[in-house]
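Remarks on the structure that follows.
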Amino acid sequence: MSQELFKKLVDIPSTSGNESLFQQLVAKEFSQYSQVKFADILNNFTVQVGEGPEKVLITAHADEVGFIVTYISDDGFIYFQPVGGIDPDIAVGQVVTIATSNGPVSGIIGREEVWDTASAEPQENIIPYKDLWIDIGANNKAAEIVSIGDPVIYDMGMRTLPDSYILARGADDKLGVYALLELIKSFAKQPNPQVSLFAVTTTQEEIGSRGAQPAVNKIAPKYSIIIDTIAATDVPIADKEEIGDIKLGLGPTISRGSNTNTDLFVILKEIAKREGIPFQVDAEAGPTSTDADPIQISGIGTATIVVSIPVRYTHFPAEIFSWDDVENCIKLVDLFLKSLRASI
């Protein structure tokens, strides 16, 4: 398994609705393992490996959160809005990259400065996006460089940390896409004759899982596994009583709840226990807030489950995760694919 490949995925911006360049890299990586591939009008990219009777869909979303340019003032300050869920207080002061038609442009997210911090009144409310701007140092020439609608991402790549931990922008869900590529590679080398595997990198998940539904409708799978990330709670002040106890390094989570398939949960749990793969349980009382939600009710329905890689600081400028969890996620789903023999 290659961290170099994951870094390639991280380095390409892919805000919701602007996934084309990222999907081109995915298509290039997939092409060596499958001759059956297609894209749709929403830019979902699909490959098929195997022609067995059991259709299995595995998805990971290609998009990441970011921003979009909405207004450029006469004095060169660039205003923007979030694409996906990003708190404005997290954005303040961050260095960003604007993907313009002339290439990437660097800037910083600014706000009104507070000089005397000792006497300053504490902020009771989060500053709204309308009171933030991006400064690229171009003054009145900014509109000649940047255009309305240009996507914006945090200027953060990938860095290795101690204890097999990694920090990276867009780990949600470039980690899932990386896992999907590794699964296709493994399945192509050792296919299960009972399985037709469809791998899809979906678009626009961060703004409401819009790409997933047309993608799954075309395939009509019997089983669907969504590979995504999940917020780890092994940080200070996390309300574990409400949102659960999820730690980095203890394996991927398997979803269990009202919106996922109980039989798939049992099968994946038994595989993990039998093979000694560490895992955690993600209890979901309601919707999963992933592509699983529209996928499970598409067509006549599909048995659906979510396998997630824990990350700290979801939708922050960078997220931290354990590479061990990534490898165990891939191993667990790979064993499921290769052991599937009969209908549940």
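The values are calculated or read from the model by the stated rules, or taken from the named source; none is laboratory data. Values in this document were obtained by computation on a predicted structure and should not be read as measured data. Here the Cβ positions follow ideal geometry from the backbone for every residue, glycine too, while neighbour counts run over all protein chains shown. The area values use the complete protein model at the heavy-atom level, side chains included, leaving out ligands, DNA and RNA. Shrake-Rupley method; radii C 1.70, N 1.55, O 1.52, S 1.80 Å.
Using Cα atoms only, what is the angle between the long axis of helix 262-275 and the major principal axis of the chain, expressed in degrees (0 to 90) to the nearest 10? For helix 262-275, the angle is close to 80 degrees.
Exposure check, 1.4 Å probe, all protein chains in place: Lys222 carries approximately 90 Å² of accessible surface.
When Cα extents along the principal axes in Å is calculated for this entry, the matching label among (1) 99, 39, 37; (2) 64, 57, 38; (3) 67, 44, 37 is (3). In region 236-291, the portion of solvent-accessible area held by carbon and sulfur atoms comes to 51 percent [1.4 Å probe, whole percent, DNA, RNA and ligands not counted].
The fraction of accessible area contributed by carbon and sulfur in region 1-147 is 50 percent, rounded to a whole number (1.4 Å probe; ligands and nucleic acids excluded). In this simple spin-label approximation, Val235 and Lys269 carry label points 7 Å from Cα along the Cα→Cβ vector, and these lie 2.8 nm apart. In order along region 162-169, phi translates into HN-Hα couplings of x, 6, 6, 8, 9, 10, 7, 6 Hz, rounded to whole numbers, per the Karplus curve 6.51 cos²θ - 1.76 cosθ + 1.60 with θ = phi - 60° and x for Gly and Pro. Phi angles across region 58-63 convert, under the Karplus curve 6.51 cos²θ - 1.76 cosθ + 1.60 with θ = phi - 60°, into 3J(HN,Hα) values of 10, 10, 8, 8, 7, 8 Hz, Gly and Pro given as x.
Computed over protein heavy atoms with a 1.4 Å probe, the accessible surface of region 204-344 works out to 42 Å² per residue. When the charge dipole of region 210-335 is built from unit charges on Cβ atoms (+1 for Lys and Arg, -1 for Asp and Glu) and taken about the Cα centre, the candidate among Val281, Gly251, Leu268 whose Cα reaches farthest toward its positive end is Leu268.
In degrees between 0 and 90, to the nearest 10, how far off the longest principal axis of the chain does helix 171-189 point, with axes built from Cα atoms? It is inclined by approximately 30 degrees. Dividing the summed helix terms, -39500 (n - 2.57) for each DSSP H run of n ≥ 4, by the number of residues in the chain produces a 222 nm estimate of -8000 deg cm²/dmol to the nearest 500.
In the chain, excluding the sites themselves, the longest stretch lacking any of the GluC sites (Glu not before Pro) that are in a DSSP loop with at most 12 other Cβ atoms within 10 Å is 125-344. Give the share of C-alpha pairs in each 10 angstrom bin for region 199-284, from 0 to the last occupied bin, in whole percents, shortest bins first. Percent of Cα pairs in each bin: 14, 38, 36, 12, 0. Using a cutoff of 8 angstrom between alpha carbon atoms and counting only pairs six or more residues apart, the relative contact order for the chain works out to 23 percent.
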